[in-house]
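What follows is a single structure, written as structure tokens, with notes after it.
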Amino acid sequence: AQSVTQLDSQVPVFEEAPVELRCNYSSSVSVYLFWYVQYPNQGLQLLLKYLSGSTLVKGINGFEAEFNKSQTSFHLRKPSVHISDTAEYFCAVIPSGSARQLTFGSGTQLTVLP
Amino acid sequence: GAGVSQTPSNKVTEKGKYVELRCDPISGHTALYWYRQSLGQGPEFLIYFQGTGAADDSGLPNDRFFAVRPEGSVSTLKIQRTERGDSAVYLCASSFGLAGFNEQFFGPGTRLTVL
């Protein structure tokens, strides 16, 4: 079984400041890793994913994440946030050998302050 | 093109009633997933279809929950004898083939409130 821990439930940050949203996972098998964003009253939207290869993954809206296998982490970063980045962010994993359901973390609410 | 759609967007019902939640996946997507998102939590897997058959229903919490996908497209999640603990947002997702390499596209969800 897999589990995902998002260490911060809420992250307030001022506009144009950098941000890091933390994600750690636990799994006995290799996994694919994902970050999703959920805007109010909208569905989950994929930000980026790590399947294999380079551990630094770039996604939409200027976000990037780095896979660290030894620390079992997949932290999400953005060098300069905008008001429009205010949303709930979810880290998720799926076993690479049996691609079925995603296992999600509990989410991090990012609030960008003017 | 059109994304995943779910109806109704909101459903309020009384304890003990029966409800049906509908999901229209993206045309051509063979895999369909149902998740449940309780307040303050991430989505939790309920059931997964590959074509018409339920390939994995291990996430259904009990036998009051049932889902069908009779023609391999639209799916309906059915909840019998609803309880207050069933209140949550029910999310549907679809993918072209198995998820992982293939992105899961999510609908906006149905917010179910059981009074």
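Quick look at the values:
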| item | result |
| --- | --- |
| Coil-residue trypsin sites (Lys or Arg not before Pro) of segment B:24-88, DSSP, other Cβ within 10 Å capped at 15 | B:R64, B:R81 |
| Segment A:25-71: C-alpha gyration tensor shape, a/c 1.5 cut-off, then a/b vs b/c | oblate |
| Taking only Cα atoms of the protein assembly as shown, radius of gyration then Dmax in Å | 17.6, 52 |
| Chain B - Rg over Rh from alpha carbon coordinates, Kirkwood radius | 0.95 |
| 11 Å reach of a label modelled at B:T76, 7 Å along Cα-to-Cβ, counting backbone N of segment B:14-55 | B:19-23 |
| Estimated inter-spin distance, A:Q2 and A:A17, nm [label 7 Å along Cα→Cβ] | 3.2 |
| Largest to smallest principal axis extent of the C-alpha atoms in segment B:60-115, angstrom | 39, 22, 17 |
| Under 17 Å between alpha carbons - lysine pairs in the protein assembly as shown that sit 8 or more apart or on different chains | 7 |
| Among A:L51, A:L76, A:L33: highest mean-square fluctuation, GNM of chain A, C-alpha pairs under 10 Å | A:L51 |
| Gyration tensor verdict on segment A:2-114 (Cα atoms; rounded if a/c is under 1.5, prolate if a/b is larger than b/c, oblate otherwise) | prolate |
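Read-outs throughout are calculated quantities, based only on the coordinates presented, and are distinct from any laboratory measurement. These numbers were taken from a predicted model, which means no experiment stands behind them. Note that each Cβ is placed from the backbone with ideal geometry, even for glycine, and that neighbours are counted across all protein chains shown.
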